[in-house]
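K.L.:
Can you keep this structure in mind? I'll have questions shortly.
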Amino acid sequence: MTRKPHLLIPTLVFCLCAGCATNPITGKQEFMLIPEEQDIQIGRKYAPEIEKQMGGRIPDPDIQAYVNQVGQNIAHISHKPDIEYHFVALQDKSINALALPGGFIFITKGMLENLRTEAQLAGILAHEIVHVVARDSANAMSKEIGLSALLSAVTSENTPSGVLTVADLSKQIMGLRYSRSDEQQADLSGLDYVVAAGYDPYAMVETMQILSNQSKNRPIEFLSTHPAPENRAAYLRQKIQNSNFNLANAKVGKEQYRAAVLDQLNNPN
């Protein structure tokens, strides 16, 4: 059955007005409520409040430099290397990592304490980078929080009574949930980034096992907004086995991670 051209006009006009953007990872057109040029503005506005609510930055410049360098290594080979990425390690003891629009990515002390290699750290950061590249963070924020609320908090110097503040909205941002397809894309494309950056892809499988083991002892914030790690480990392992990855010189970085992160966290100056 041939669809009449005039029936497509309202849909097309709505899409153009609201905003359709190409996902650089999938190449598909996706409906977006937040214009891409506002991603950085939103990220800059909410990043300081996220840091504040999660205990501030770990006061060790060497840890910060190391986390940032690993993150930049991944970001450099991503689909959007031109974004100005910011990778920050926070004091919060929860096991968590999250991304804001515009390239602002956070990982907690609790997560860092449970990782054992640089490749595992690279996998966590790669997952969050994909969320930024695919604009999952912006999309989830506009859907769950509302575009008007987000932008009014960004643009208003004085928040009217009864309107959610940046602090209020930041709490909601920390609990954002992505769709199952978004999470799987972040895992599988993150795996590609990890390999392209020279790291061992099996580290991402190991991270899922770490999260699964830790969840038996206590609730994990990262898992409250993500699918079960057992399922994620299965499809990650399957992709590795079905791909022609050259793992001969894949980097693990166990000693590097121990010296740069674990020793510093266990023996702060």
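Per-residue answers, yes or no, for (1) at pLDDT below 95; (2) in a loop (DSSP other than H, G, I, E, B):
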| position | (1), (2) |
| --- | --- |
| 95 | yes, yes |
| 98 | yes, no |
| 130 | no, no |
| 143 | yes, no |
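K.L.:
Is it fair to say residue 71 is under 19 Å from residue 118 (Cβ atoms) and small (Gly, Ala, Ser)?
P.N.:
Yes: the conditions hold for residue 71.
K.L.:
Moving to a separate point now. For segment 71-89, indicate whether the set of residues that are assigned to a loop (DSSP other than H, G, I, E, B), crowded, with 24+ Cβ neighbours inside 10 Å and in contact with a strand residue (DSSP E or B) (Cβ under 9 Å, 6 or more places away or on another chain) is non-empty.
P.N.:
no
K.L.:
Let me ask something additional. Please work out if residue 66 is at pLDDT below 95, under 30 Å from residue 261 (Cα atoms), in a helix (DSSP H, G or I) and of a type in the set (Ser, Thr, Tyr). Give the steps one after another, and end with the answer.
P.N.:
Numbers: at pLDDT below 95: no; under 30 Å from residue 261 (Cα atoms): yes; in a helix (DSSP H, G or I): yes; of a type in the set (Ser, Thr, Tyr): yes.
Criteria not met by residue 66.
K.L.:
Looking at segment 76-122, which of the residues that are among the β-branched types (Val, Ile, Thr) and within 15 Å of the chain's Cα centre (by Cα) is farthest from residue 51 (Cα to Cα)?
P.N.:
Looking at residues that are among the β-branched types (Val, Ile, Thr) and within 15 Å of the chain's Cα centre (by Cα), I get 83.
K.L.:
Show the residue pairs meeting these rules: Cβ distance below 8 Å; 6+ apart or different chains; first residue within segment 241-269 and in contact (Cβ under 8 Å) with a residue 40 or more places away in the chain and under 11 Å from residue 200 (Cα atoms); second residue of a type in the set (Asp, Glu) and assigned to a loop (DSSP other than H, G, I, E, B).
P.N.:
247/200; 250/200; 251/200; 252/200
The values are calculated or read from the model by the stated rules, or taken from the named source; none is laboratory data. These numbers were taken from a predicted model, which means no experiment stands behind them. Ideal geometry is used to build each Cβ from the backbone, glycine not excepted, and the neighbour counts take in all protein chains shown.
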